Amino acid sequence: MNLPTEAELLRIFIGESDKYQSRPLYEVIVETVRRQGLAGATVLRGIMGFGAHSRMHTAKILRLSEDLPILIEIVDNPQRIAEFLPLINPMIHEGLITLEKVRVIAYRHNHPAAT
């Protein structure tokens, strides 16, 4: 798959304990990304953060949170991102979704090792 030089970065900020139909929301979103054939998705687990409720979520040893921040990043062309958004919008009850233009420098797979 080729990505255009000008693409979009979709960021989804949710909590680790967020669910959709009794499953972790981040898993459902990434599986939906894959089924829709988007270029890829990455899930990052934060060590600290807060959102709209201003409740602190942290991974400090003395206070282990079961609801750490989760960030899902997806990069693809604007049309594919626009088609994807209505699929996930009903899944996300709390969180933040952002979209920004990005410039793709490289998107490679099966790259032969340098000699």
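Contact map, segment 86-103: residues that are over 20 Å from residue 67 (Cα atoms) and free of Cβ contacts under 8 Å to residues at least 24 places away in the same chain paired with residues that are surrounded by 12 or more Cβ atoms within 10 Å (Cβ to Cβ) and aliphatic (A, V, I, L, M), Cβ distance under 9 Å, separation 6+ or inter-chain. Pairs shown: 89/97.
Please enumerate the residues belonging to segment 15-36 that are free of Cβ contacts under 8 Å to residues at least 24 places away in the same chain and part of a loop (DSSP other than H, G, I, E, B). Scanning segment 15-36 gives 21, 22.
When you go through 88, 74, 12, 70 one by one, which is the residue that is at pLDDT 90 or above, in a helix (DSSP H, G or I) and either closer than 25 Å to residue 107 by Cα or acidic (Asp, Glu) (or both)? Don't jump to the end; show me each part of the working.
On the way: 74 fails: in a helix (DSSP H, G or I); 12 fails: in a helix (DSSP H, G or I); 70 fails: in a helix (DSSP H, G or I).
Among 88, 74, 12, 70, only 88 is at pLDDT 90 or above, in a helix (DSSP H, G or I) and either closer than 25 Å to residue 107 by Cα or acidic (Asp, Glu) (or both).
The values are calculated or read from the model by the stated rules, or taken from the named source; none is laboratory data. Treat the numbers as computed from the prediction; the structure is a model and nothing was measured. Cβ atoms come from the backbone with ideal geometry, glycine included; neighbour counts cover every protein chain shown.
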